[in-house]
């Protein structure tokens, strides 16, 4: 059993729940709750003790210490949950009477939604193409963002998958980079190197466009 006392500062590193990252948030929060021996309270396997009365007259509660300990744990767990979700999601928990009620409400609202959202994001990732008006950096960033959102839902996209997606969705003006990439040593095929090459090619393309435009005016 943990001997240290939970403080909301202990959860300050947790990425706050924003409505779209429930699995990742749940993973982080459970780690914090486990560290402070609060998981059983949140999951409901450790319930609030029922008061036991003495045989004295008048009778007194004999297990006050156990009840007080459970209430402190429940309060700490509730604080952990509230401190790690964004304010607009905190409002839905106002009427919850315990940390378990908070946990169950969030799970009921967002666990299934997260599963459904995963398939939607997968479709967006696989169908994504180069957007008109985007530059190379915007294109790569958009693909990385979709990949990160999938990772938050437990669907990890490897660096090779991201690289393949970038290469397969580039416009024809980058065909020389795509062809040259096939000859790069496998150990060097990393996203930063690809990004550098694409940015260089983009600069050259812009220079050629300027030169061609100037020639047309002659």
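What follows is calculated from the coordinates using simple rules that are stated; it is not laboratory data. All figures in this text were calculated on a predicted structure; none of them were measured in a lab. Using ideal geometry, Cβ is built from the backbone for each residue, glycine included, and neighbour counts are taken over all protein chains shown.
Averaged over every viewing direction, what's the projected area of the C-alpha convex hull for segment 89-200? Give it in nm², one decimal, please.
9.4
Listed from fewest to most Cβ neighbours within 10 Å, the set 163, 156 follows the order 156, 163. Angle of helix 159-168 to the longest C-alpha principal axis of the chain, folded into 0 to 90 degrees and rounded to 10: 40°. Here the simple spin-label model places points 7 Å from the Cα toward Cβ, and for residue 135 and residue 52 these points are separated by 7.2 nm.
Rounded to the nearest 10 degrees, the angle from helix 191-217 to the longest Cα principal axis of the chain is 40 degrees.
Once the chain from residue 97 to residue 61 is taken as fully extended at 0.36 nm per residue, the excess over their C-alpha distance is 10.7 nm. Ordering of 27-33, 58-64, 193-199 by packing is 27-33, 193-199, 58-64, highest average first (other Cβ atoms within 10 Å, averaged per residue). The candidate values are [x] 16; [y] 27; [z] 51; the one derived from this structure for percent of Cα pairs over 29 Å apart carries the label [z].
If I fit a long axis through the Cα atoms of helix 99-127 and take the longest principal axis of the Cα atoms of the chain, what angle between them do I get, 0 to 90°, rounded to 10? The helix 99-127 is inclined about 10 degrees to the chain. If you wrap segment 8-112 in the convex hull of its Cα atoms and look at it from every side, the mean projected area works out to 7.5 nm². Between residue 87 and residue 196, what FRET efficiency comes out of the Förster formula 1/(1 + (r/R0)^6) with R0 = 45 Å and r the beta carbon distance, rounded to 0.05? Efficiency, from the Cβ-Cβ distance: 0.65.
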